[in-house]
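Have a look at the structure below, then the notes.
The values are calculated or read from the model by the stated rules, or taken from the named source; none is laboratory data. All values derive from a computational prediction rather than experimental measurement. Virtual Cβ from ideal backbone geometry, glycine too; neighbours counted across all protein chains shown.
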Amino acid sequence: NAGVTQTPKFQVLKTGQSMTLQCAQDMNHNSMYWYRQDPGMGLRLIYYSASEGTTDKGEVPNGYNVSRLNKREFSLRLESAAPSQTSVYFCASSEGSSGSGELFFGEGSRLTVL
Amino acid sequence: SQKIEQNSEALNIQEGKTATLTCNYTNYSPAYLQWYRQDPGRGPVFLLLIRENEKEKRKERLKVTFDTTLKQSLFHITASQPADSATYLCALGGYNTDKLIFGTGTRLQVFP
């Protein structure tokens, strides 16, 4: 049982380049999340999806776009990467529907923007 | 704006002692609070959930308290072991939403 799978695990970009972080879960969860984690800042929510076809902004959405392709997959796109987007990105999922359920996290994607 | 505070300094304790971590929050009325453990280079892993109408929750060596008047949660690990060394994150959830807001985490080091 894979849980939450993120790709790629590591990526180096130049300023202005674009890329997409992929995330897939195999637990039939309704809700999916993208967080970024920076030293001293903790986990900050970028975008959230309560169900297939719906997305909602989190605390730090600027510079990102998301797509909930289907129930399993939730991708995060950086259209024009900036050094400030250097971070560790975590995808997570939960059963959702306000069940206050636990979040299951992926192993993270470490992004460096030069 | 909503704010969650956890001790930014590492907590160092001796094996066998009880570790107590603090999570304080302001400008928020959470419906529930969760605690996660995060090891270096890994994603957070869920430990415990406590709801706003619950005072205390236990799971094996772990105990969580939730005081909505003080706006504070305490996370205790009894009989701590070196394997408990990790960063511990608290997270708050609201009513009718699955969004979680996380604190910055506290690093715990348990020495033999």
**strands (runs of 3 or more DSSP E) within the range B:2-112 that include 2 or more residues β-branched (Val, Ile, Thr)** = B:19-26, B:45-51, B:62-67, B:106-111
**Prompt:** For the range A:2-25, which residues satisfy the criterion of being more than 15 Å from the chain's Cα centre (by Cα) and either closer than 18 Å to residue B:44 by Cα or free of Cβ contacts under 8 Å to residues at least 24 places away in the same chain (or both)?
**Reply:** A:2
**Request:** Can you confirm whether the range A:75-82 contains a residue that is in contact with a strand residue (DSSP E or B) (Cβ under 8 Å, 6 or more places away or on another chain), more than 28 Å from residue B:35 (Cα to Cα) and basic (Lys, Arg)?
**Result:** yes
**Request:** Please report, ordered by residue number, the strands (runs of 3 or more DSSP E) entirely within chain A with at least 3 residues that are away from every other protein chain (no Cβ under 12 Å) and either surrounded by 13 or more Cβ atoms within 10 Å (Cβ to Cβ) or at pLDDT 95 or above (or both).
**Result:** A:10-13, A:19-25, A:65-68, A:74-78, A:109-113
**Request:** Could you look through the range B:47-73, keep only residues that are over 26 Å from residue A:96 (Cα atoms) and not hydroxyl-bearing (Ser, Thr, Tyr), and pick out the one that is surrounded by the fewest Cβ atoms within 10 Å (Cβ to Cβ)?
**Result:** B:60
**Request:** Among the residues of the range B:74-105, write down those that are polar (S, T, N, Q) and modelled with pLDDT of 95 or more.
**Result:** B:78, B:80, B:81, B:85, B:87
**Item:** So residue A:94, is it in contact (Cβ under 8 Å) with a residue 60 or more places away in the chain and closer than 16 Å to residue B:102 by Cβ
**Value:** yes
**Prompt:** Can you pull out the residues in the range B:14-46 that are away from chain A (no Cβ under 12 Å), in contact with a helix residue (DSSP H, G or I) (Cβ under 9 Å, 6 or more places away or on another chain) and buried (at least 17 other Cβ atoms within 10 Å of the Cβ)?
**Reply:** B:19
